[in-house]
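What follows is a single structure, written as structure tokens, with notes after it.
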Amino acid sequence: MNSLNRECEVSSDHDFNEGAGCLSWGRWVVGVICVGIVMLSFSAGGHLQMLISPMVAWVLMGVLLLFVLGRVLREREMMGSSLSLVFLPWLIYVVVNYCCLSLTPWYGRVELLGFGCAGVVFGCVILMRGRDVEWLGKGVMGFGVLVIFVTMFQEVMGASWHPVGGVNSIRAQYGERLSSVFSMPNSLGCCMLLVLPYFLLYAFCKRKWQLSYGLGAVACMWALHASVSRASVLIAVPVILLCCYVSGVSWKWRVLRAVLVLLVHGGMYLVVASGGEGQERFERLAKSGGEVTREVYFAAAHALFESAPIFGVGLGNFQVLWDQQFPVNRNHGEYFTHSDYLQTLCETGLVGAGLLFGAVALVVLRGARKMWGERKCFSTDKDLLVRVALCGLLGFGLYQLVNFESKVWANFFVSVIYFAVLVRYGSRCVQWRCGRGAKLGALGVWIVLSVFWGGAYRDTQSSYSFSKGSLALSRVQGVHGMGLPGPKEKLAEAEEGFRKAIEWREDFMPAHWFWGRARMSHRFYGEECIEAVVESSVKHYDKAIELCPLQWRLWAERGMSLAQDPTRVEEARESFLRAIDIVPAHTNALIYYARFLEAQGEEEALRNVLEKVLVIDVSMQMNGIVAQEMLDNLNATSVRK
């Protein structure tokens, strides 16, 4: 070949990288990716920044980088898709956006690690042989089978059981909803939407093992309903219809299959979810006319987008800025908007959203054009894989309207594999001769990724240590909420986790924040004087505020700590007022200050604050009710006097 590169149309009997030296490389990569996805799912459900999830992603990225290096140095010629670099502009923009705008480096760096690992997984799938990609597809199906089996076992053990944490390791708020290997039932529902097309299309188009694939589809729908995820149950309908439509050329068979599968889907709802928590959740949704809590996040994301529509407020900043935009009645912060589209729009602006969603649309349209351009029944594994990817991405894309599954890495990496499949088989291939210049260029890109990978090690360690510490602290504070001292060894474990997190990264703000909370827990044991406890707690709060001065909750909790020391009451007042200055219409900030005024016996100031809460919370939700009760008690006290 005389030219540096050449382009050729991808035909049904042609595939990328069918060279003789690819066999061992591809199969090893398939195994590594599948093992990584499984480990991510078992690690707190693969949730971003939870326990060992960042470490698993870091190891996965490092191993895959080694495979890529060996492949680039060994091969003389390779082929890739004309869309192989379609997501690269967005990745570059996200890095620049983070460096220029991020207020939350402790979170943004871990999120960049996830995106970087996803990019490496995407590239590895592009460089694989076609047969290895088909094996990777079967690995994704195997992952779905594993999730279904764990769901069945959880049904026997109880909804609070998790394969890693055991009994009572799933939050009680989920009730009887099953979550399988994940930490949230919604993630189970999303996973089933991703793997359901495998079972359906293989059952429709494969002559062998049709019964097994059909039973797998039924089990998949059962697990989907067992999660009691309303969005998953509803989104499964268009996914099923698309699977039936692309399964053949005869309208008769398409309609027959659609009717049969939808009857099974509806019957599964009647058997699994009807009459229990599932019916209650759907009835609550119908009565409220929508999802109440998500409306709060959506309004905040919209307000943040309007404040910086072009470039966004910065990667990872939603968790700091969201509740400054809307008077809410929640006592905890949120990391995500519960809509990946809105979060991308508000954090990266029109530029970031345009780069990402434009690339997604281009890939999906190319894949759809190839699929509908054929006039035969697709029965080969490669052809079926294209259809599986399109149907799976339809479910994943619709689910992202009301959830944040791109922050659950196990599901996110499965979707990345689907995008890579569409890029491989939905666009033209480009063949490169790996000469000295090309190899040097590829080596330069590899070095950049490796430097980023090496720098992310500290982030994975600090995140893991913080997760362990926060989990231990939550168990201590749960006992303190009942007025009991609680297990002191857990408190020591929590502080040790925060100490290690800060050792790895001094600017890891959440560790300073939660260490301040942990120090205040020492007052329950009486081993230190209250002045020393308050002083040590405020020291950590001050460091956290130095790193993130716009987080009003830091100022409010600092005031609560200072209020425990009678000699520092005025400092506490200043902290509460600073929190209110940041979020003047936030009812939680006002209630914190009201409790302080109540303890100080300042009746007139207390009355003014409570009346302001009632003006804001006209719907009389949680804080409105609290304010009314406090105001009634105040009036009753005034009458007695």
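The values are calculated or read from the model by the stated rules, or taken from the named source; none is laboratory data. Keep in mind the model is a prediction, meaning the values are calculated, not measured. Every residue, glycine among them, receives a Cβ derived from its backbone with ideal geometry; neighbour counts consider all protein chains shown. What goes into the accessible areas is simple: the full protein's heavy atoms, side chains included, and nothing from ligands, DNA or RNA. Shrake-Rupley method; radii C 1.70, N 1.55, O 1.52, S 1.80 Å.
Assorted remarks:
- Nearest-0.05 FRET efficiency for GLN628 and LEU234, computed from C-beta distance (R0 41 Å): 0.65
- Computed E for VAL156/GLU531 - FRET, C-beta separation, R0 51 angstrom, nearest 0.05: 0.45
- TYR457 sits among other residues whose Cβ lies under 13 Å from its own Cβ, and their net charge, with Lys and Arg +1 and Asp and Glu -1, is +2.
- Residues whose placed amide H lies under 5 Å from that of TRP161, excluding near-sequence neighbours: ASN168
- Cβ crowding within 10 Å averaged over residues, with 113-126, 258-271 ranked highest first: 113-126, 258-271
- Rounded if a/c under 1.5, otherwise prolate or oblate - segment 460-579, Cα gyration tensor axes: oblate
- Mean accessible surface per residue for segment 449-544, computed with a 1.4 Å probe while every protein chain stays in place, in Å²: 45
- For the peptides 92-102, 415-425, 400-410, the ranking by packing is 415-425, 400-410, 92-102, with the highest mean count of neighbouring Cβ atoms within 10 Å listed first.
- At a probe radius of 1.4 angstrom, the accessible area of segment 181-235 per residue rounds to 30 square angstrom.
- Under-5 Å amide H pairs with GLY312, H placed in peptide plane, nonlocal only: GLY349, LEU350
- Which listed pairs, of LYS468/LYS539; LYS468/LYS612; LYS407/LYS468, have C-alpha distances above 29 Å, in listed order: LYS468/LYS612
- Between TYR457 and GLU546, the simple spin-label model (points 7 angstrom out along Cα→Cβ) gives 2.7 nm.
- Residue-count net charge about PHE419 - beta-carbon cut-off 15 Å; Lys, Arg +1, Asp, Glu -1: +2
- Treating r as the C-beta distance of GLU306 and PHE357 and R0 as 22 Å, the FRET efficiency rounds to 0.70.
- Ordering of 197-207, 494-504 by burial proxy (mean other Cβ atoms within 10 Å per residue, highest first): 197-207, 494-504
- Amide H partners (placed H, <5 Å) of SER229, local residues excluded: none
- Neighbour net charge for ILE530 - beta-carbon separation under 14 angstrom, K R +1, D E -1: -2
- Here the accessible area is traced with a 1.4 Å probe on the protein chains. For segment 83-201, carbon and sulfur cover 69 percent of it.
- Accessible-area composition of segment 437-571, carbon plus sulfur, in percent [1.4 Å probe]: 62
- Solvent-accessible surface (1.4 Å probe) assigned to MET560 amounts to roughly 90 Å².
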